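Below: the structure, in structure tokens.
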Amino acid sequence: MKKIIPISIWMLSTLFAAAQSSDEENNANITISHAARSFRFERGDEAHPVVIKETSSRQYLCNNYNTYFPVVEFYNDVEKIDEVSILVDNSKKHGITPKHEYYSVNDIFYSDARICYFKLPFAKKGATGKVTFEKTTLDPHYFTSIYLAGSEAVAEMELKIFIPSWMKAELKDLNCEKFDIKKNAVPEKDGIMYTYMVKNMPAIPRESSSPGITYYAPHIMVMNKYAEPAGIKYTYFNTLKDQYNWYHKLIKETENDPQVMKAKAEEVTKGLVTDDAKVKAVFQWVQDNIRYIAFEDGIAGFKPDKAQNVLQKKYGDCKGMANLVTEMLRSINLDARRCWIGTRHLFYDYSTPSLAVDNHMISVWMNKGVPVYLDATEKYIGFGEVAERIQGRQTLIEDGANFILNKVPVADYQQNTSIEQRKLTLEGGVLKGRIVQTWKGENKEMLLSGLNSIRQDKQENALSNYLSRGRKDFEISALKVVNLSDYNKDINVEYDILWKNAVADFNQETYLEVDNRRNFDGYKIDTSKRKLPYWFYFKDHVVFETEVVLPADKKVESLPPAIRIQQPGYSFTGSYTSSGSKLNYRCEIILKEAQLKPDQFSQWNNDIEKLKGFYNQQVVLTKVK
């Protein structure tokens, strides 16, 4: 995701801790026997008129064998850790000193993100540990969500949220109905205390290619509307207009340098006449020259870096890149806007004003009033194409003091078509000939991402290995690659092939294998383990066509029956035909939708089995008498 929303730090830390442990059995070894959390809105000072005080404790139990369990807490400039208390087997004499560092990956620091971390030692089965964090959130804008589940099972948890009478906030419970959660609201002096009692909360499932946790994890959205702590009203996100006004204020504070932008934009668009060509040039220049950094938190999680800083550093997060594209285009009098958006990773939309509803920023060019979305973090996507993760999502487009609420268009599967066409000849038990492959859309982007992650002098070998699937009997030569640099065009690859083990002779019959790709052959879903929907990277369209010229002494004895599977979200079709000395094969896989729901798994698995059965059949040839 392009930006981590400041959700519950408890949730972040448990997920991070699980990620640091490579052994899932070790995670099951440690459970949380009891957790207690409390949040209180309190009056602050002039700089921070309203703060949220949090106390969060977890009691850990070792169920089987000795281990060290990592505990990690994230924080940033709008959050601070006031105190950390650690007990090991009820003793403070453990020698553990929490470490505080800026968060970094590959020696790149991500704005104001920090971590507090240490390892809890568990010497034996039955050992216990207790960790308590006391924290302060300095701005209610950032207090958005509280998660009731994490990466470890919790036997019981008590959560308390105190909202004083001078604070207008709404608690919205999501995904709680299937769990043992009891909620109570009790009026207290100067406010209301909300209590959540949670029992036997399982660990959040961790499954690859699944929806974001907002779709299924039990949590509370905290929607802070306004406060009057001392007779002065402070408005947060009472309406979507309030949210936009806050975003727009951060934009105005960014202090971009228009002269630097104009010089670079004119250099990039030199000699170009049409607006369309200029936008394409600027967009691809940013894709090519600015490295994308995916994490920022705190105030920088929503305030873009100055465009000239991104230009100078040659890297930026989504907001920095969107700001750079927008400012470069504006400097040459093109109507570009910044655009906030929540990717499909998030369940929410802008009907709920909150910082939790978006996690990404892109640029948009208003072409005679029609938005053309420009997401430079998608490094190899073409102009006018949009990635699956933002298709159909609501967008908040800046419009001066106002905003435009729009939706990103939904592309069909044909945007991502990949085609492989073979013209082969069977000679002496060997198939040889020419292959042409074409990739479009996100299939093109995936291929380019893979190739460009490899040193340039090794790319041809890597591509040959990819095309041959590592098979030594599938020899590639005369490899020609067309267009690795213009993302607005398709990628084409042509090469000669010598396929040595495509036929097998038995008595008077020859068995011919035509399709060694077997696309989607291994996509069966393990329904004994899989509980969440399966999300494909994108809607897909894969076409495989082969023409084989047979030798004069061979003829087709029998052809495998065709396959035709049509489901609402996908289709598999394949067939063989023959005419004279030519054998033709065609297989087409279409993913009309980019997800499978659990109630579709059984049908999908049955259809994959049928597809595998189709692939397993071979063409039978006999000698011409």
Excluding residues fewer than 8 positions from Lys531 in its own chain, the aspartates and glutamates with Cα under 20 Å of it are Glu24, Glu25, Glu152, Glu177, Asp180, Glu207, Glu593, Asp599, Asp607
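Run the dipole for the chain about the Cα centre, Lys and Arg Cβ at +1, Asp and Glu Cβ at -1, nothing else charged, and hand back the magnitude in debye, nearest 20. Provide the component values of the computation, followed by the final result.
Numbers: 83 positive and 81 negative charges, 129 e Å.
For this selection, approximately 620 debye.
How about the range 320-398: which trypsin sites (Lys or Arg not before Pro) there lie in a loop by DSSP and see at most 14 other Cβ atoms within 10 Å? Please report the intermediate quantities before stating the final value.
Values: sites: Arg330, Arg337, Arg338, Arg344, Lys368, Lys379, Arg389, Arg393; in loops: Arg344, Lys368, Lys379, Arg393.
Filter output for the range 320-398: Lys368.
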For the chain, the longest principal axis of the Cα atoms and the Cα long axis of helix 258-268 enclose an angle in degrees, to the nearest 10, of 10 degrees
Find how much the distance from Arg455 to Asp473 grows on full extension, using 0.36 nm per residue of separation minus their present alpha carbon separation; answer in nm with one decimal.
3.9 nm
How do Asp180, Asp515, Asp305, Asp526 line up, fewest other C-beta atoms within 10 Å first?
Asp526, Asp180, Asp515, Asp305
Past 21 Å, Cα to Cα, is the threshold; run Lys480/Lys582; Lys264/Lys314; Lys168/Lys407; Lys119/Lys160; Lys252/Lys278 against it and keep the listed order.
Lys480/Lys582; Lys168/Lys407; Lys119/Lys160; Lys252/Lys278
Choose one of Pro211, Asn416, Leu498: the residue whose Cα lies farthest towards the positive end of the charge dipole of the chain (beta-carbon charges +1 Lys, Arg; -1 Asp, Glu; about the Cα centre).
Leu498
How big is the convex hull of the Cα atoms of the range 414-623, per residue, in Å³?
141 Å³
Show me, bin by bin at 10 Å from 0, the whole-percent P(r) of the chain based on Cα pairs.
3, 14, 20, 22, 19, 13, 7, 3, 1, 0, 0
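Loop-only check: which trypsin sites (Lys or Arg not before Pro) in the range 130-228 are DSSP coil with at most 13 other Cβ within 10 angstrom?
Lys178, Lys189
For Ser165, Ser351, which order do you get if you count the other beta carbons within 10 Å of each Cβ and list the fewest first? Write down the numbers at each step before the final one.
Working: Ser165 12, Ser351 9.
Arranged by neighbour count, lowest to highest, Ser165, Ser351 become Ser351, Ser165.
How large is the helix-only mean residue ellipticity at 222 nm for the chain, computed as the sum of -39500 (n - 2.57) over DSSP H runs with n ≥ 4, divided by its residue count, in deg cm²/dmol to the nearest 500?
-5500 deg cm²/dmol
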Between the DSSP loop rule and a limit of at most 12 other Cβ atoms within 10 Å, which GluC sites (Glu not before Pro) in the range 243-338 are left?
Glu253, Glu255
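Using +1 on the beta carbon of Lys and Arg, -1 on that of Asp and Glu, and nothing else charged, what's the dipole of the range 414-623 about the Cα centre, debye to 20? Could the numbers behind the result be given before it?
Numbers: 31 positive and 28 negative charges, 57 e Å.
Dipole magnitude for the range 414-623 comes out near 280 debye.
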quick note, the chain, DSSP beta bridge pairs, % antiparallel (nearest 5) is 90 percent
Could you compute the net charge surrounding Asn519? Neighbours are other residues with a C-beta less than 10 Å from the C-beta of Asn519; K and R count +1, D and E count -1.
-3
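Could you compute the FRET efficiency for Gln312 and Lys270, with r as their C-beta to C-beta distance and R0 at 22 Å, rounded to 0.05? Let's see the in-between values first.
Working: r = 21 Å, r/R0 = 0.95.
Result of the calculation: an efficiency of 0.60.
We did not get these values from a lab; they are worked out from the coordinates using the rules stated. Keep in mind that what you see is a predicted model, and the values were worked out from it rather than measured. Glycine gets a Cβ as well: all are built from the backbone with ideal geometry, and neighbour counts include every protein chain shown.
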